[in-house]
Amino acid sequence: MEPLYLCYYAVNKNNGHALCYSTAPAPLGPFTYQGVLVSLGRDNENQVHSTAYGGNTHGGIFTVNGRWFVNYHRQTGDFFPARQSCMAELTMTANGRFLQAPFSTQVERTGELMPGAKIPAYSACVLTDRRGRTKKHTQSPYFTMRGPNLAAEGIQQAVTGLSGGCSVGFKYFNFGTVEKIWQAGVLLKNAKKGRIDIFIDTGTWENKICIIPVRENRMIPLWIFGATVPVFGIHTLLFCFYGQGKTTNFISFIVAKGERI
């Protein structure tokens with residue numbers, strides 16, 4: 001079998017910041033473009049608007065026990081130099097090419113976020129304003145390590161900039177195969193009065209599964225809860241914030257079977 005050399009590089013492709021790769025039979029080429037490994041906030045090249053902040057990706061690929069992974073970084077939206085390290089599992093086709101990895105919360109291509117686990121908000125893969133778009137220094141949520149006293153609480157990162165109608169989303173959550181009512185909880189600090197609507201897949205009214213009222217809380221991180229409508233299956237989970245919560249820190253969430261923390 002002839003050796004195959006890979007070159008991977010960050011590009012602004014169709015206004016989506018992607019990590020692409022090319023292959024060649026020799027180290028000096030000629031190289032042939034093969035496709036996208038992963039794109040910030042986009043699951044495919046046909047997606048119109050990104051759900052995450054654009055910027056260079058500076059990544060690479062590696063293999064462990066026959067499984068291939070891409071490592072890269074993404075922008076946090078807080079300020080330009082800020083980055084967050086990410087990783088995703090790749091699928092190799094029969095002809096040795098890689099399919100584009102989805103931009104999601106988890107690393108593995110199989111397996112989902114499960115009930116009962118506390119999921120950190122900084123693992124969100126959707127950070128959009130009320131129009132469904134993501135752009136720095138606008139109304140889009142962003143990651144922060146500089147919120148008031150976050151470090152004192154032992155909190156690594158949080159999501160803030162939660163202006164009215166914005167969404168913070170996670171892919172993908174497994175509600176199981178049996179339809180049931182769940183308890184959904186969010187951990188907030190510096191919260192302002194308002195509400196959180198939780199949706200599956202899209203932020204349309206027919207996909208709303210829970211409403212959680214939010215009361216003002218400035219002192220310590222506080223869990224608040226709400227019951228969902230009956231739901232099952234594997235879905236994108238969207239938290240939509242309403243009210244005067246731009247300084248609110250969204251720290252983590254949990255979905256459990258009628259349990260509270």
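The values are calculated or read from the model by the stated rules, or taken from the named source; none is laboratory data. Predicted, not measured: the structure shown is a model, and the values here were computed from it. Neighbour counts are summed over all protein chains in view; Cβ atoms, including those assigned to glycine, are modelled from backbone coordinates with ideal geometry.
Data for the structure
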quantity	calculated
Failed item in (1) within 21 Å of residue 106 (Cβ to Cβ); (2) surrounded by 20 or more Cβ atoms within 10 Å (Cβ to Cβ), with residue 189 passing the rest	(1)
Test: residue in the range 200-219 that is in the same structural domain as residue 139 (by TED's automatic domain parsing), of a type in the set (Ser, Thr, Tyr) and either touching a strand residue (DSSP E or B) at 6+ places or on another chain (Cβ under 6 Å) or closer than 18 Å to residue 115 by Cα (or both)	no
Any hit, the range 7-25, residues being surrounded by fewer than 16 Cβ atoms within 10 Å (Cβ to Cβ), at pLDDT 80 or above, of a type outside the set (S, T, N, Q) and at positive phi	no
Failed item in (1) surrounded by fewer than 19 Cβ atoms within 10 Å (Cβ to Cβ); (2) assigned to a strand (DSSP E or B), with residue 199 passing the rest	(1)
Subset of the range 162-181 that is modelled with pLDDT of 90 or more and of a type in the set (Gly, Ala, Ser) - its residue that is nearest to residue 248 (Cα to Cα)	167
Test: residue in the range 56-69 that is more than 14 Å from residue 102 (Cα to Cα), crowded, with 21+ Cβ neighbours inside 10 Å and modelled with pLDDT under 90	yes
